[in-house]
Amino acid sequence: KKVIDTPILIIGSGYGGAVSALRLCEAGKKVVMLEMGLNWEKSGIPFSNLLKPGKSAAWLKKKTIAPFMNLFSLTPFTGTLDRLDFEHINIWVGRGVGGGSLVNGGMAVTPKESYFREVFPDLDARKFYSTYFPLVHKELKVNVIDEQFLKDCPYYQFTRVGEEEAHKAGFKTIRVPNVYDFQYMEKEYRNEVPRSALNTEVIYGNNHGKNSLDKTYLKKALETGNLEILDLHRVDHIKLNDDKTYTLNVQQTDTSGAAVADKIFNCQKLILAAGTMGTLKLLLHSHAMSQFPVHEEIGKSWGNNGNFMTGRNWVKPMSGGTGAKQSTIPVGGIDNWDDPEHPFFTEIAPLPMGMDVATALYLLINRVDKKGEVSYDAGSRKLVLDWNESHTAGMRKNADYFIKKMNRANGGTRSHFLFNNGFGADVCYHPLGGCVLGKATNEYGKLKGHDHLYILDGSLIPGTIGVNPFVTITAIAEYCIENLIRENEFA
Ligand code: FAD
């Protein structure tokens, strides 16, 4: 086996990994990043759209795995979208250099300050709202759609109808910022540049327009000359050595998923940023393989960020419905968070199926009143999730209340076309928690029971943040890495 020694190693190239890489590289540190997915930019392979799924559509699957309408067969390839199936919940994650930023909807939402304070009582919220959130907006290139464009563009009929109906039902709507470049989108619309958001590209990657991490944090980190990213490198397990260094067993694969080399990486400092489920799997699997120490808090306070999908059929069928052509980038939301009986936020989501299916899709984000827990089954080598219908009961009540109120005011029925009984309790895009900041780790993400291992990803957030999470994940990573560097952890 090839043995590689490196001082600082990062596992995963999503938000937490990208932030850590940039700040360490800027501080003059040499960093190696291991990512199991493909470096799409380097490969030159284009991303595919929703209507013609190709290589990028799914992680080593024979059929597409989008939340709806999986009619397409595939040749297994290391695609961008993966789905982890548990008994009561399916969790979608991004794979590739850029992690979830390659497949997500780009919604860049800052949490409500009151909720942030409730979720993180020990953090200095003032500093987050004055420093880290503005910094993250700048680095991620967050922008907002022009209101006149939104009004005129036929691809946003679904948002206009969604907002109009919400107002009629007495709900408050908000504009949602995004990392997709809306100037680019306006040019797409005028046919001055190749189309991406207006060409059903999103959950299998965007060829243009979207400022994913490979265009922002990772690009800047690479420009320092201090970062090396090794794609198609999957870490299997980690061993803690007697001298407190780490040894990683890594498999390099080709794009069909076949192993091409087994490698050993030795490092002094290790940053785990494999995403909530990836990080938990690595910690718990390593524990089963090599007595790797795991703190008793690991796996606790896991949540789906209150994700609950639902939809309505026959939305204004007489007046043109939600539109045959839809942009893939959501820009509208309904904010019902201040209602004490039914607090939720919902995205007015696109459903770009190439025809008007007269259906409105909503991804609700609720509070998580009952947290789940993640453990590991050594026999099957799989994560086990303590998560069932009791965890989503309150979310279902909110969805029911929301749909009924919308239908009373506007007509329509709960969408049985999209989900079994109109409720997608099992759809999760936002797994969070399991290595909670200040519980499983110290106040800056250093894992308890370890001297040189840091967790920097969504697993630090205790299962809920009330809005789409990547702005918060990025801000927490900025806060942690700044303080870890200041405390000379990487000296
Ligand atoms: P990730 O971004 O998940 O990155 C982890 C990386 O680690 C991945 O690239 C993975 O391949 C790699 N990895 C894992 N295990 C290993 C291993 N063993 N070896 C090597 N590499 C490994 N959030 C929003 O805020 N707004 C949105 O609009 C939004 N839309 C979404 C839409 C979809 C379809 C999905 C799936 C998610 C969406 N999200 C959205 C959620 C958001 O993308 C995630 O919360 C975010 O990406 C998590 O960041 P992270 O740093 O924790 O890890």
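The values are calculated or read from the model by the stated rules, or taken from the named source; none is laboratory data. The structure displayed is predicted, hence computed values, not measured ones. A quick note on method: Cβ atoms are made from the backbone with ideal geometry, for glycine too, and the neighbour counts reach across all protein chains shown. Keep in mind that these areas ignore ligands, DNA and RNA; they rest on the heavy atoms of the full protein, side chains included. Shrake-Rupley method; radii C 1.70, N 1.55, O 1.52, S 1.80 Å.
Odds and ends about this structure:
- Qualifying residue in the stretch 232-239 (condition: more than 15 Å from Val179 (Cα to Cα), more than 15 Å from the ligand (Cβ to nearest atom) and open to solvent by 50 Å² or more (accessible area, probe 1.4 Å)): no
- Scan of the stretch 441-457 for residues that are in contact with a Lys or Arg (Cβ under 9 Å, 6 or more places away or on another chain) and open to solvent by 40 Å² or more (accessible area, probe 1.4 Å), ordered by number: Asn442, Lys448, Asp451, His452
- Among the numbered conditions (1) assigned to a strand (DSSP E or B); (2) of a type in the set (A, V, I, L, M, F, W, C); (3) over 25 Å from the mean Cα position of the chain (by Cα), the only one that Phe308 does not meet is (3).
- Test: residue in the stretch 256-264 that is part of a loop (DSSP other than H, G, I, E, B), under 18 Å from Trp59 (Cβ atoms) and either hydroxyl-bearing (Ser, Thr, Tyr) or under 23 Å from the mean Cα position of the chain (by Cα) (or both): yes
- Total residues in the stretch 433-478, condition within 15 Å of the ligand (Cβ to nearest atom) and either part of a strand (DSSP E or B) or in contact with a helix residue (DSSP H, G or I) (Cβ under 7 Å, 6 or more places away or on another chain) (or both): 29
- Test: residue in the stretch 268-282 that is more than 21 Å from Trp92 (Cβ to Cβ), touching a strand residue (DSSP E or B) at 6+ places or on another chain (Cβ under 6 Å) and not aliphatic (A, V, I, L, M): yes
- Number of positions in the stretch 125-137 that are open to solvent by 10 Å² or more (accessible area, probe 1.4 Å) and either closer than 11 Å to Thr474 by Cβ or in contact with a strand residue (DSSP E or B) (Cβ under 8 Å, 6 or more places away or on another chain) (or both): 2
- Test: Gly458 is modelled with pLDDT of 95 or more and at positive phi: no
- Failed condition for Lys42, given (1) within 12 Å of the ligand (Cβ to nearest atom); (2) surrounded by fewer than 22 Cβ atoms within 10 Å (Cβ to Cβ); (3) more than 30 Å from Tyr444 (Cβ to Cβ): (1)
- Look at (1) hydroxyl-bearing (Ser, Thr, Tyr); (2) within 13 Å of the ligand (Cβ to nearest atom); (3) surrounded by fewer than 20 Cβ atoms within 10 Å (Cβ to Cβ) and you find that Tyr401 fails only one, number (2).
- Within the stretch 6-31, residues that are open to solvent by less than 10 Å² (accessible area, probe 1.4 Å) sit with their Cβ atoms under 7 Å from residues that are among the hydroxyl-bearing types (Ser, Thr, Tyr), at 6+ positions apart or across chains, in these pairs: Ile10/Ser20; Ala18/Tyr217; Val19/Tyr217; Val19/Thr474; Leu22/Tyr217; Cys25/Thr224.
- When Asp335, Asp254 are checked against the criterion of being acidic (Asp, Glu), out of contact with any Asp or Glu (no Cβ under 9 Å at 6 or more places or on another chain) and open to solvent by 30 Å² or more (accessible area, probe 1.4 Å), Asp254 stands alone in meeting it.
- Of the residues making up the stretch 166-181, just one is surrounded by 19 or more Cβ atoms within 10 Å (Cβ to Cβ) and free of Cβ contacts under 8 Å to residues at least 60 places away in the same chain, namely Asp181.
- Every residue from the stretch 60-107 that is assigned to a strand (DSSP E or B) and within 11 Å of the ligand (Cβ to nearest atom): Thr78, Leu81, Asp82, Arg83, Leu84, Asn90, Ile91, Trp92, Val93, Gly94, Met107
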